Each structure stands twice: as C-alpha cells, then as structure tokens.
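Structure record follows, encoded as structure tokens.
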Amino acid sequence: MLRIRDAALTFVSLCFALIATAQTQQPPATQPIVLHAARLLDVTAGRVVTPGEVLVEGDRITAAGTSVSHPSGAQIIDLGDTTLMPGLIDAHVHLFLHPGAEDLQTVEESVPQRTLLAALAARDDLMGGFTAERDMGTEGAGSADTAVRNAINQGLIPGPRLRISGNAIDILGGHEDANRYNPAQHVLSNADRANSPDEIVATIREQVKEGSDFVKMYETGHDAIIDGNFTTPYQYTEAELKAAVDEAARTGRVVAVHATGEPGVRYAAEAGVASIDHAFDLSPETMRIMREKHIPAVPTFAIIEYFAEHAATPEAAKRERAMLDYHAASFRKQMAAGLSFAVGSDVGPFPHGTQARELVLMHEYGMSNADVLRADLINGAKLLGWEGRIGELKAGYFADVIAVPGNPLEDIGVAQHVAFVMKSGVIYKH
C-alpha cells in the first residue's frame, strides 16, 4: 500500500509541476518585439554580424540583421553581450526516457506517468535552447507522444515543435524486444513488432491513425567490436525497408532508421530512408549511395560518452569508450567522403536539456564550428520537414530565437549556456 501511495504522490507532484510551468509561460506579445544583442549568427554564410537585431511580429521574424526598423510601440529587449541565433534542433531524442535503468523504467512506469515525465523533458529541452526536435520512439509508450506534441501545439505546456513516431518498429527478438526476461512473463517489446512487408505496412497504417509524423525502424543490433572489426546483425531486408518507405510516402511521411553498420546501413540507404541514425560503420559503397540520395547521417556521440562515463563496471566503460573511439574515427572518414550530417543526441538516457554537448563532440571529432551549426540548423530543419521555416534568422521564418554568450563560431560550447529562448514569438526563458 505504501508503494502505491508513494507512486500516487509522485504522479500528483508531476501534475502540479506541469501546471506551475504552464502558468509561468509568457503569453504571445501583442506588439512587435525587437531583440538586440552584440552579435547575430548568419548560419548559411558561417559568419557573425555585429551588432545583431531581430524584429518579431506575432509568431514570425519580419527582419533580421545588424539593424532593423523599430515600429512604434515595439518592445525593445536588449540582450547585451550575447549572440542571437536560431533555436537549436535535435534530430534524435527520446522524450519518454530518463537516466536510469532504461529496460526497467519502460516496464515499471505506467504510460500516464511516462507521459508526464515526457512533458517535463520537453520543457527541459526547450529551456536548453532546443526549439525543434524529432522524437525517435516512445520505447513502449505507443502513441502517447501524440498527446505531448498536441499539448505543446495548443499552448497547454511548453516544449519544442515536434515530429513524432510513436513506437519504433522492430522484429520479433529484435533490438528493442524484451529478450532477457522470463518468457513466461510475456514482457512486451519496447517497439511495435512487424516481421514481414504486410505486417510493416499494417503497423505503419496504425501508427498514422494514432498521429505519427514519420516512421522509426530498428535495422541493426546488437553491436560489438571484435578484433577491431565492427559487427551488427541486420533486421530487415532492403525489400522490407522499401515496403516501409513506400507506405510512408503514400501519406507524405518518411522513414528514419536506427542503423549502425553493414549490411543493414546499406539496405537502408538502398531503400531510400530519410536518415541513418548512429552510423557507426559505413562502407564506401554505402556512403556513395547516401551521397547520391542525399541521406544524412545522424552520429549521436553524446549518448555513448554518457554511457562510458556512467558505466556500471570498468569493463563496461572500456567497451563504451572503444565504441566511441571507433565511431569518431568512422565519422572522420564520413566527413572526408562528403556525407551530409544532421545533429541528434539520443538524449533521454542522459538528462534532457543538456544535449548541446553533441555539438561540442562533433567539433572535437573534426567538424568545424560553422559546419556543426549548419548540420544542426540547416540540415536539421530539412530533415524535420521544416526547411524554409526554421533554422535561420530570416524574414518569414518562425520566431524561434535563442541567445548565447560569446561567439559560437569561435566556441561551440556556448550552445550549452543558453540565456534566452523564444519560440514562435513567445518568450520562455529570459
């Protein structure tokens, strides 16, 4: 009885936390807003202009540059020695996960409790400067992310603009199945099972009915490095993935895959997926196909670093560090091969709102600060289907604006210290 009472109290406290957060949101401004700062980031050109100003009217930017008009009655917000830049984009998040035993939390926590935690995670990501995200699977919470996305869109709770997938799709005994539990207990998979093209199509149709924006599929796993060689079994054939891509396209959607190595990554590229997430090991042929089809890789370094630093044993830490080193070396080969990239952190198993670390790691592993920002903002907007609407400070774009100390072209780490957040013309952090 005490355990049930404690769980109920926790649930109620989460409800009050969300209510309190919603009540502290500032309403949309009825008058124009002029944001002024020492600098402004021109993402496409890879340069900073001085000073910087952005004129916001309603939910849109109407002008941006070194100076803008100051309409009569406009609210002037001077952000001082900061750089104005577009809101950050995370193309690989898990709102329904939090630090701790990932396999246990999906079993022990109810879907209502996980949904409330996801709403709090969305708030934390927004406060961290991420104004747009792609949620890559609820890990067993089904279409509960539909409710979170819709509540954000309706202004009921704070959070990024979201693209959601519901549950990911997986094979029986696949990457997210409950493989290490007593079979007699019939523990459910953290994904939707589909073992044939017909089952894949039926599953996608059900997910679309429940509100998904895109399809997430597991294509590889379990990963290992044996004698210096990366190995991972594939889950779906190219034909099965193509069936998913075609069915998703029928309703204007795309397929993103968890795919770490050969031959699964090549099957995914041949099938024409929208992105290959993780991408630890890509052959020259796979990279050629990805270049031709304009398929970006989404590296996800931050999650591996976190696992290495928080491993349960020294042996586990050594394995994670070896995987990170291998991935970093592969990333450098992918850059040399001319691949395009988007930025995704896999946040969830590590604390929400801290995932700007991913940008720092991409720079540490060889990408220039300007290219990291272009990958995040230009390529991220395109991958999420909001190209021309987010990712730049331009007239006509949504007023998703953040301010960071210092110059992100000189120190990408300033993205970890966001001082101001505006989304759709609403100020959430100042």
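The values are calculated or read from the model by the stated rules, or taken from the named source; none is laboratory data. Quantities reported herein were computed from a predicted structural model and do not represent experimental measurements. Cβ: placed from backbone, ideal geometry, glycine included. Neighbour counts: every protein chain shown. Note: accessible area is taken over every heavy atom of the protein model, side chains too, but ligands, DNA and RNA are not part of it. Shrake-Rupley method; radii C 1.70, N 1.55, O 1.52, S 1.80 Å.
Counting every Cα pair in region 97-238, what percent are over 20 Å apart? Pairs farther apart than 20 Å: 52 percent.
In the complete set of protein chains, residue-level accessible area for I378 is approximately 50 Å², probe 1.4 angstrom. Per q in 0.13, 0.14, 0.17, 0.28 Å⁻¹, report the Debye log10 I(q)/I(0) for region 131-196, using one uniform scatterer on each alpha carbon and no solvent. Normalising to I(0) and taking log10 leaves -0.45, -0.50, -0.65, -1.13. Using C-alpha pairs below 8 Å separated by at least 6 residues, the relative contact order for the chain is 20 percent.
Accessible area, 1.4 Å probe, largest first: how do Y306, Y181 sort?
Values: Y306 50, Y181 70 Å².
The ordering from most to least exposed comes out as Y181, Y306.
Measuring max minus min along each principal axis, the C-alpha atoms of region 29-75 give extents of 33, 18, 13 Å (largest first). Distance from the alpha carbon centroid of region 258-304 to that of region 190-230 works out to 15 angstrom.
Quick one, can you get me the convex hull of the C-alpha atoms of region 318-411 expressed as volume per residue in Å³?
Numbers: hull volume 12.0 nm³, N = 94.
Residue-normalised Cα hull volume stands at 128 Å³.
Across the alpha-carbon atoms of the chain, the computed radius of gyration and Dmax are 21.4, 71 angstrom. Normalising by residue count, region 192-273 has a Cα convex hull of 79 Å³ per residue.
So which of K293/K382; K216/K242; K209/K423; K216/K333 end up more than 20 Å apart by C-alpha? Please list the in-between numbers first.
Numbers: K293/K382 14 Å; K216/K242 13 Å; K209/K423 28 Å; K216/K333 26 Å.
Over 20 Å apart, Cα to Cα: K209/K423; K216/K333.
Solvent-free Debye calculation, one equal scatterer per alpha-carbon of region 273-336: log10 I(q)/I(0) at 0.13, 0.14, 0.15, 0.28 Å⁻¹ equals -0.40, -0.45, -0.51, -1.15. Residue ranking by accessible heavy-atom surface, 1.4 Å probe, largest first, among L117, L95 comes out as L117, L95.
The heavy atoms of S67 offer some 90 square angstrom of accessible surface to a 1.4 angstrom probe. Accessible surface of I427, taken over heavy atoms with a 1.4 Å probe and every protein chain present, rounds to 10 Å². Extending 7 Å from Cα along the Cβ direction at E210 and again at T313 yields two label points whose distance is 3.6 nm.
Along the axis of the charge dipole computed for the chain (Cβ charges of +1 for Lys and Arg, -1 for Asp and Glu, origin at the Cα centre), the listed residues T146, P299, I157 are led at the positive end by I157.
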